[in-house]
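Notes follow the structure.
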Amino acid sequence: MGVVRAFRREPEAETRPVVKPPLKWAGGKRWQLPELLPYWRAHSRRRLVEPFCGGLAVATGLVPEKALLNDVNPHVINFYQCLKKGLSIEFSMQNESHAYYRARERFNDLLATGKGATEEAAGLFYYLNRTGYNGLCRFNSKGGFNVPFGRYKTIPYRSTFEEYPAAFRGWMFTCMDFDRLEVEPTDFIYADPPYDVPFTTYSKGGFSWEDQVRAAKWLSRHKGPVILSNQATKRIVELYESLNFELHTLDAPRRISCTGDRTPAREVLALRNLR
Ligand SMILES: C[S@@+](CC[C@H](N)C(=O)[O-])C[C@H]1O[C@@H](n2cnc3c(N)ncnc32)[C@H](O)[C@@H]1O
């Protein structure tokens, strides 16, 4: 007679769906994931903090259990907060310039009347991001979104995002300047501020050289692991070296410049407390 073994079934672990970054976002760091994953795996029980989360390429690639994801851009954060609650877009999204400009006008009306933090604004922001030129997020001096129509051949729009509430479980989204974030000493910080633009004090994204120095000093005070990513300009390298970070340089994916130069841009990862 065979031995009958009784197996007790473990309750099924709640699996977290792996999702794609839902927006197009300038400066996405998906390409850094092979470099970041070995560092993250050694600390993956910690909370991930991204003070500059942008398009979420890193959080959706590292898939932390707990995360604090922050960006100073209120529209991107409103969109993520709505996705976490369960967003569905009710209007028909068309890749057509008249429809695009009508939606842009409606979005700007919502902003002008203090209704920027609504589900309707989140849906319009998604549509404008996918349909507008290069996924840019740019505003005029009066605060109106002014990105032109993008002229893509086809756009894979989504009107429902069923897997995002579970994917964002345990992730908190906030909108503030990075140095107001309430960070715990055990948090793992991945910081990807706007690129340092060499030889200028003020960069286009409104992130000045003083902001770069402020970010570096803020990161240098953190007791837990830190990874900073930036363009490897001379002054960024000197700044992080002076604060005793360990520096690794990387080749960013090739970008063809207007002169046809295909030399990859040099980027730097500055590390602390990772051993
Ligand atoms: C290079 S992008 C981050 C890209 C992101 N790592 C990704 O992979 O998609 C930099 C982000 O910093 C945000 N930002 C700029 N100034 C900021 C500030 N003072 N505090 C917080 N976020 C800021 C921008 O809105 C932008 O989304």
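The values are calculated or read from the model by the stated rules, or taken from the named source; none is laboratory data. Source: prediction; values computed, not measured. Heads up, the Cβs are rebuilt from the backbone with ideal geometry, glycines too, and the neighbour counts pull from every protein chain shown. Surface areas here come from the heavy atoms of the whole protein model, side chains and all, with no ligands, DNA or RNA. Shrake-Rupley method; radii C 1.70, N 1.55, O 1.52, S 1.80 Å.
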Residue separation between Arg151 and Glu90 times 0.36 nm, minus their alpha-carbon distance, gives in nm 19.7 nm
Percent carbon-and-sulfur accessible area, the chain, ignoring ligands, DNA and RNA, probe 1.4 Å: 52 percent
Just subtract the alpha-carbon distance of Lys66 and Asn273 from 0.36 nm times their residue separation and send over the number in nm, one decimal. 72.6 nm
Loop-resident sites, segment 49-125, for chymotrypsin sites (Phe, Trp or Tyr not before Pro), counting at most 14 other Cβ within 10 Å (DSSP): Phe91
Against the rule of thumb 2.2 N^0.38 Å, how large the Cα Rg of the chain comes out: 1.12
Which helices count as membrane-span-like in the chain under these terms: full DSSP H, at least 27 Å along the axis by C-alpha, Kyte-Doolittle mean of 1.0 or more? none
Amide H contacts of Ile227 (H built 1.01 Å from N, under 5 Å, at least 5 apart or other chain): Ile189, Tyr190, Ala191
Hey, what's segment 26-87 come to in accessible area per residue, 1.4 Å probe, Å²? 39 Å²
Quick one: if you stick a label point 7 Å off each Cα along the C-beta vector at Glu182 and Phe199, how many nm between them? 4.5 nm
How far apart, in nm, are the 7 Å Cα→Cβ label points at Lys20 and Tyr101? 3.0 nm
Please give me, ordered by residue number, the GluC sites (Glu not before Pro) of segment 20-125 that lie in loop per DSSP and have at most 11 other Cβ atoms within 10 Å. Glu90, Glu96
Whole number in Å², please: accessible area per residue of segment 101-211, 1.4 Å probe, ligands, DNA and RNA not counted. 56 Å²
If I histogram all Cα-Cα distances within segment 1-134 using bins 10 Å wide from 0, what percent of pairs lands in each bin? 10, 33, 27, 15, 8, 4, 2, 1
Which Cα, out of Phe161, Ala191, Thr174, lies furthest along the positive dipole direction of segment 88-200 (beta carbon charges, K/R +1, D/E -1)? Phe161
The answer for the net charge of residues other than Phe173 whose Cβ lies under 12 angstrom from its Cβ, with Lys and Arg +1 and Asp and Glu -1, is 0
What's the center-to-center distance, using Cα atoms, between segment 11-83 and segment 205-219 in Å? 22 Å
